[in-house]
4 protein chains.
Amino acid sequence: MRDLRKKAFKLVEPSSSRKDPNFAFDSLIIILILFNVLAIILESVPEFYESHAPLFFWFEIFSVIIFTFEYLMRLWTIVEKPGFEDPLRGRIKWVFRPIALIDLFAILPFYLPFVGVDLRFLRIFRTLRIIRIFKIARYTTAFDLIKRVFNEKKEEILISVLFIFVLLIVVSTLVYYAEKDAQPEVFGTIPRALWWGVITLSTVGYGDAIPITTLGKVLGGIISLLGIGLFALPTGILASGFSEEIGKRKQKDF
Amino acid sequence: MRDLRKKAFKLVEPSSSRKDPNFAFDSLIIILILFNVLAIILESVPEFYESHAPLFFWFEIFSVIIFTFEYLMRLWTIVEKPGFEDPLRGRIKWVFRPIALIDLFAILPFYLPFVGVDLRFLRIFRTLRIIRIFKIARYTTAFDLIKRVFNEKKEEILISVLFIFVLLIVVSTLVYYAEKDAQPEVFGTIPRALWWGVITLSTVGYGDAIPITTLGKVLGGIISLLGIGLFALPTGILASGFSEEIGKRKQKDF
Amino acid sequence: MRDLRKKAFKLVEPSSSRKDPNFAFDSLIIILILFNVLAIILESVPEFYESHAPLFFWFEIFSVIIFTFEYLMRLWTIVEKPGFEDPLRGRIKWVFRPIALIDLFAILPFYLPFVGVDLRFLRIFRTLRIIRIFKIARYTTAFDLIKRVFNEKKEEILISVLFIFVLLIVVSTLVYYAEKDAQPEVFGTIPRALWWGVITLSTVGYGDAIPITTLGKVLGGIISLLGIGLFALPTGILASGFSEEIGKRKQKDF
Amino acid sequence: MRDLRKKAFKLVEPSSSRKDPNFAFDSLIIILILFNVLAIILESVPEFYESHAPLFFWFEIFSVIIFTFEYLMRLWTIVEKPGFEDPLRGRIKWVFRPIALIDLFAILPFYLPFVGVDLRFLRIFRTLRIIRIFKIARYTTAFDLIKRVFNEKKEEILISVLFIFVLLIVVSTLVYYAEKDAQPEVFGTIPRALWWGVITLSTVGYGDAIPITTLGKVLGGIISLLGIGLFALPTGILASGFSEEIGKRKQKDF
């Protein structure tokens, strides 16, 4: 039994080698998740759903069986993982990890109606499971590199976010004062002006909120052009981060 | 008294260590500023303001008391700072520094009605106080790095801004000539064409001003694609700036 | 005959020297392709087509003759190329290469009507032939550099694409749930929400789909600002890639 | 006379030292150009022009006198410049240089009405003179750096432009086929589809042309996301270019 659990653990827990059986297991689960996401997308189109209802039904049954089996296997074998050795507390600790909660919420909506609870809004977690696609990415060295760059540069990135945040608050409030009387329905409150600010600073520019007063236009023009700098700052930070990490790796090679 | 003032000065003046008591003091003031900004945002929503009017009133009283206390403390202790030693001139010099003016204007609107002056538009300075959030950023090494990169590259950034400025003027004037007869209400004056130019060059593209003549579209297309280069130039400059600064730091370490 | 074929092969097959006769041959073919693309563009304008119909007709005849001649020459000489030596299998292998298929489909629509088949939609391949412009780019060292950077960084680029993909799916599904009741015609299905997601994340922001609920706007604002990071990631990767490749080249020079 | 001409030449011809008298001369001319550009912008606003007509008139007279004087001085002294020694041919050679033509066209519209010719559209060249602002930029080392980076990387930039060009042609033609029947007024000809393509690829996204067919939306989504890569490529090139140039400069210093 112990031995079987050890083997099962090795199967469900990712390693970093593509030759291990868990690479195949991970791939299969992720392919199933991708098909689930595709099913969710297609289900939302009425004309498509109506003509394929039974297909969606049986695919749902099939998916939930596999995912339940996978979830129970992980719950059973997790005690093999260092730090989760305690049969009860280790398992509870695992159950409340975000990724395990997403997995649980993804299968729960199927079972709950049987016990009389309607938590169908939990079905949204079926989409969130797509995050597990990065498990596959973990097999690449590139994912590791990107993670390390973000880790190394997290302070700089945070400060960039702070810049954006302050700029947004200040400019949106100023534009609110400039436009609130001219366009009360679009700039009538600061939250509305913030919506305009975000859409302008990110250079999305839907066109649902456009300043019309001279002061509003001047401020809007400034924030639009500052949007350029906003792209430049994190990009410059990441670019130097990548160069740095690659430099480090090379030094190791020597 | 002197000793007390010295201690008080150390409290209100930021150092670069997170262990000093002023880190806690700064954090508290900034948290209060953040809540003030939140209050300003929520106050602007009529349905929210009306149902929580007393809360906003008492929070305002509380904030102004704290901020006034902080302002007076700074005014009292600033003479401890090198360059501000003169009891009168040092204090006047400090009062007219932009950050101190913002702090003053942020509390003034509360007191002025008592003396019969209505300067409620000064309340906008309460939002500007959010800039003080960068005081906290100063405790990170990243903020220092970003500041040094901008300082080192300010000439290059200025020339990028010059490029944008010249491009805007030239293209907007040309589009003004191309579109003024076809769309007099949108491109009828050069300032209006400049508004179009800014919104297009920054790739915001609201859609309130769109060239319709062939010449206008050709010029608009060119400026749109040049907008890409516009992002590339400052980004490339900053990226190399970050790499350079990090390189310098490493050399120091050896 | 063999000798002639060898010479003809050298003519149609690009080398990397600008002095070879095939550089002139390539240039001529590409100029003809460019004129063809121009013709396709102008043909689509009714007022222009009607007044120049004979010109378009004779230019088409002329182009097809040249392109047919070029295609047959390549088909004849390809056996000179290593790996295509077998007179039959080598030629079949070549015919099914994408670039050869595009060349074939580009001339086919002209001949098929004679044998009673109407495949005029194949004319679109005449435009695709513009890809052959990169044959000229191959004579530059820059093209080679860019290709190597993309090759070196393909794992990182793939992971960036994966990030975009996951972000798109997750945010679009969430916004679908937030907006589907408020705007069924715009956000009524997940594919429609995905269209919104792509247009917002890429910061294009047409304005045909705009969230109006509070939750939708918050999610929209987040995805807009994340759009900035989205530009930063691949740019940082490419920037470090270029620095790396240039560094390698320099080391070779020593 | 010779001596005077030599001195005059030194005055009007820029050097790279900020201490020379020509720095002051250049600055004055550029300040006058900037005021001229401001005048052109304000003149286009009817309500402003009407109330300040005499001011604009006398400022025009004053500017033209100065610019004419400057032009004649350059014409007179240019023979001092190496390569322009011949009194006639050197001067003709100089007159036809683009920057000299712009200067000529900027003053010509004032004189021509006297001889009965109306070339008022030449007034647009008064705006183009703003390009001379880069004469001042020439005094900075940053301008030189940027110029050298663009020079060094011109092949890579050209290939990026080629990518954009090919992508635009191919995608716009495909979207033209997808949308021409559904929206003949917006996508009815390839030039119109190209307008959509430019506005989408540059992520401006006005919203005047939006694909509505499924195929059109899929193609539009792809080109929008590729727009990101489009920003990444030239940015990465420039970033590595700046790092390289700075590296070279350092090596010189040793």
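The values are calculated or read from the model by the stated rules, or taken from the named source; none is laboratory data. What you are looking at is a predicted structure, and each value in this text was computed from that prediction instead of being measured. Counting neighbours? That spans all protein chains shown, and the Cβs are built from the backbone with ideal geometry, glycine included. We work out accessible area using only protein heavy atoms, side chains counted, and drop any ligands, DNA or RNA first. Shrake-Rupley method; radii C 1.70, N 1.55, O 1.52, S 1.80 Å.
A few points about this structure:
- Here C:LYS248 meets each of (1) buried (at least 22 other Cβ atoms within 10 Å of the Cβ); (2) part of a helix (DSSP H, G or I); (3) more than 8 Å from chain A (Cβ to nearest Cβ); (4) not small (Gly, Ala, Ser) with one exception, condition (1).
- Contact map, segment C:74-102: residues that are without any contact (Cβ under 8 Å) to a residue 12 or more places away in the chain paired with residues that are surrounded by 15 or more Cβ atoms within 10 Å (Cβ to Cβ) and assigned to a loop (DSSP other than H, G, I, E, B), Cβ distance under 9 Å, separation 6+ or inter-chain. Pairs shown: C:LYS93/C:PHE84.
- Odd one out for D:SER240 among (1) open to solvent by 10 Å² or more (accessible area, probe 1.4 Å); (2) over 24 Å from the mean Cα position of the chain (by Cα): (1)
- Meets criteria (farther than 19 Å from C:THR189 by Cβ, open to solvent by 70 Å² or more (accessible area, probe 1.4 Å) and without any contact (Cβ under 8 Å) to a residue 12 or more places away in the chain) for A:ILE65: yes
- Filter pass, C:LEU112 being modelled with pLDDT under 80 and either among the hydrophobic types (A, V, I, L, M, F, W, C) or open to solvent by 30 Å² or more (accessible area, probe 1.4 Å) (or both): yes
- Yes/no for A:ASP26 being within 20 Å of A:ARG138 (Cβ to Cβ), crowded, with 16+ Cβ neighbours inside 10 Å, modelled with pLDDT under 90 and touching a Pro at 6+ places or on another chain (Cβ under 6 Å): yes
- Among the residues of segment D:168-188, those identified as open to solvent by 40 Å² or more (accessible area, probe 1.4 Å), within 10 Å of chain C (Cβ to nearest Cβ) and assigned to a helix (DSSP H, G or I) are D:LEU174, D:TYR177.
- A:SER51 fulfils the conditions (1) polar (S, T, N, Q); (2) exposed (fewer than 15 other Cβ atoms within 10 Å of the Cβ); (3) closer than 19 Å to A:ILE29 by Cα except for a single criterion, (3).
- Among the residues of segment C:71-108, those identified as within 15 Å of C:LYS6 (Cα to Cα) and surrounded by 13 or more Cβ atoms within 10 Å (Cβ to Cβ) are C:MET73, C:ARG74, C:LEU75, C:TRP76, C:THR77, C:ILE78, C:VAL79, C:GLU80, C:LYS81, C:PHE84.
- For segment D:153-167, residues that are over 30 Å from D:ILE212 (Cβ atoms) and either crowded, with 19+ Cβ neighbours inside 10 Å or not assigned by TED's automatic domain parsing to the domain that holds D:ALA209 (or both) total 5.
- Condition met for A:VAL198 (within 8 Å of chain C (Cβ to nearest Cβ) and in a helix (DSSP H, G or I)): yes
- Any chance B:PHE56 is within 29 Å of A:LEU174 (Cβ to Cβ) and open to solvent by less than 30 Å² (accessible area, probe 1.4 Å): yes
- All of (1) more than 9 Å from chain B (Cβ to nearest Cβ); (2) open to solvent by 40 Å² or more (accessible area, probe 1.4 Å) hold for D:PRO191 with one exception: (1).
- Cβ pairs under 6 Å, 6+ apart, first in segment D:25-47 and aromatic (Phe, Trp, Tyr), second open to solvent by 20 Å² or more (accessible area, probe 1.4 Å) and outside any loop (DSSP other than H, G, I, E, B): D:PHE25/D:LEU11
- In segment D:29-48, residue farthest from B:TRP195 (Cα to Cα) [restricted to those that are open to solvent by less than 80 Å² (accessible area, probe 1.4 Å) and more than 14 Å from every other protein chain (Cβ to nearest Cβ)]: D:ILE29
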